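What follows draws every value from the coordinates through simple rules; no lab data is involved. Small disclaimer: the values here were computed from a predicted structure and weren't measured. Here Cβ is always computed from backbone atoms with ideal geometry, including for glycine, and neighbour counts include all displayed protein chains.
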Amino acid sequence: MSSMMAKVVRAVRTRLESGPRDAYASMRVAGATTPCYVFDVSIDREVRMDQLGSADLMYSASVTVECIADTLDLAMTLADELLDIFEGGPHSVTIAGDTITLVLTAFSCQTRAEMPDDGQQDGERIASCTISLQVKES
């Protein structure tokens, strides 16, 4: 199971990296410039039953992405780009020879400001997005 969870995180990172911005796991790398994405993934294992009673193992992933930019308008542009990255699936990503399929089920966004952390004394603006995904290995 942990192998699959690692593959889900890698598939999400791969999908994010297909977009136009740099993406970092959990925290921005020292010296990294904006605009960029910072993401975390939460995974739940689920079993879905069909009409015949056969079980199908699936996962749900909740991806929190901080779209960090110098202005609110640019942060919201990043949020729009982020939605474009995951919308219109299913998206298949090959990880260690296995195909991981990601399907967007929900997307939400809220704005906030970040404390100054880049030495410029000018707190960035953030669009904090939550992406809900159904995930299956095939």
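Just to check I understand the Karplus step: with θ = phi - 60° and J = 6.51 cos²θ - 1.76 cosθ + 1.60, what whole-Hz values come out for region 90-103, glycine and proline as x?
So the Karplus estimates, Gly and Pro as x, are x, 10, 9, 10, 8, 10, 6, x, 9, 9, 9, 9, 10, 10 Hz.
Could you list the GluC sites (Glu not before Pro) in region 56-87 that lie in coil according to DSSP, counting only those with at most 13 other Cβ atoms within 10 Å of their Cβ?
E87
Can you check what the net charge comes to around S18, using other residues whose Cβ is under 14 Å from the Cβ of S18 (Lys, Arg +1; Asp, Glu -1)?
Combined, the nearby Lys, Arg, Asp and Glu give -1.
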